[in-house]
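Notes for the one structure printed next.
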Amino acid sequence: MDSTVSTRLCGELTSKTDQSVKLLEKCRAGALEFNMPESRTVVVYSRKGCHLCEVVKESLTKLSRRGGFTWQEIDVDSDQELRRQYNDQVPVIFIDGHKAFKYHMDEREFLRKLAS
């Protein structure tokens, strides 16, 4: 576990009961595991000058502050095969390799799909 996350989580254990003291000792020793949700991978196929792409990227930037996913952008014009495949569909959004949206992305629907 990242030491920053461990320190932050362990620092929240402040009750003085015997049980919490033992829990705090285990936490500081790194003997506790926290079930953190797995991070999902989001890929946006876009192109320069695409207004719809900019709207989707702004939404992803805002939503990514909540955590739970990382995202990357791929310019379809950087590769002939990508241009052929997605030319008329940008932006196209994939979650963990599965096409989730094209043209528009509803933020609530995105979060629902991310959680499923």
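The values are calculated or read from the model by the stated rules, or taken from the named source; none is laboratory data. For clarity, every value in this text was computed on a predicted model and none was experimentally measured. Backbone-built Cβ (ideal geometry, glycine too); neighbour counts: all protein chains shown.
Of all the numbered requirements in (1) out of contact with any Cys (no Cβ under 8 Å at 6 or more places or on another chain); (2) modelled with pLDDT of 95 or more, R66 misses one, and that requirement is (2). Of all the listed residues (L114, L9), the sole one being assigned to a helix (DSSP H, G or I), within 13 Å of the chain's Cα centre (by Cα) and modelled with pLDDT under 95 is L114. In the condition set (1) modelled with pLDDT of 95 or more; (2) out of contact with any helix residue (DSSP H, G or I) (no Cβ under 9 Å at 6 or more places or on another chain); (3) among the basic types (K, R), K102 is compliant with all but (2). Among the residues of this structure, I74 counts as one that is of a type outside the set (F, W, Y), more than 14 Å from the chain's Cα centre (by Cα) and not in a loop (DSSP other than H, G, I, E, B).
Just one of (1) in a strand (DSSP E or B); (2) in contact (Cβ under 8 Å) with a residue 40 or more places away in the chain; (3) more than 14 Å from the chain's Cα centre (by Cα) trips up K99, so point out which. Condition not satisfied by K99: (2).
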